[in-house]
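Asker: Below is a structure I'd like to ask you about.
Just so it is clear, none of the values below were taken in a lab; they were calculated from the coordinates. Note that the coordinates shown come from a computational prediction; the quantities given were computed from them, not determined experimentally. Positions of Cβ are backbone-derived with ideal geometry, glycine not excepted, and every protein chain shown enters the neighbour counts.
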Amino acid sequence: MRTARRLRSALLVVPALAVAAAIGPVAVTGPAGPGALRPHAAGASLRDEEAAMPGTAVGMYTDDSVAHQVSSFTINPKMVSCGVGTLAPGGDSSGPFAMLMYSTRIDSYTVDKEAGEIRATGRMRSITKMGSSVVEDAEHDFLAIAAATVPHGGFAQAVHSGGDRFDVHFSTPFWDQYNPMCTPSTVAAGKCRFGGELLMGHVFMPH
């Protein structure tokens, strides 16, 4: 019976680990002079993300759908990915819960500049692991949506101040509407949703 293999307990939520780090001056060795490459301060960049990354998104998000675990994602014409995890000792164990999702095929990729939205569909592989055990390794259809706060945002908003979000809608034999850990999608009927507002990153829309 399929439901016998389904985990019926809630996700184990690991208490937040507070980490304090002090970073001192960094010595850089190498050629000196006007043409020498030098590191930039954290959060600074000379790259023009608006020009280099229009119609893509990258970042980290959280909400109830991932038990408020910090989760990462990417969405671009060649790859859609999502990762959810907690603390882990390493080795064979990935902690109480970990999930890796990545596209194996992109069927459609639409950038709606006026709506400030990116939508991708296709096939995706999802690997769900608890401790050292793989609960499920499945391939399935997906719908991923990245929504910008405003249609014409850029790198200046890459350190998130609220608004941008990412969601992936999907289902597998394990992740279905009867799984108590599934947050039902309001976009794709009968599917589950992972997603939330961005903590870091940005949805880059073309001008």
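Asker: According to a simple spin-label model (label point 7 Å from Cα along Cα-to-Cβ), what is the distance in nm between residue 115 and residue 92?
Answerer: 4.6 nm
Asker: Another question, then. Pulled fully out, how much extra length does the chain show between residue 186 and residue 70, if you take 0.36 nm times their separation in residues and subtract their Cα-Cα distance?
Answerer: On the way: separation 116, 0.36 × 116 = 41.76 nm, distance 2.17 nm.
Roughly 39.6 nm would be gained on extension.
Asker: Now a separate question. Need the list of aspartates and glutamates near residue 113 for cross-linking: C-alpha distance under 17 angstrom, and skip anything on the same chain fewer than eight residues off.
Answerer: Qualifying aspartates and glutamates at Cα under 17 Å: 49, 50, 164.
Asker: Additional query: Could you give the C-alpha radius of gyration of the stretch 79-154 expressed as a fraction of 2.2 N^0.38 Å, taking N as the number of residues it contains?
Answerer: After normalising by residue count via 2.2 N^0.38 Å, the value is 1.37.
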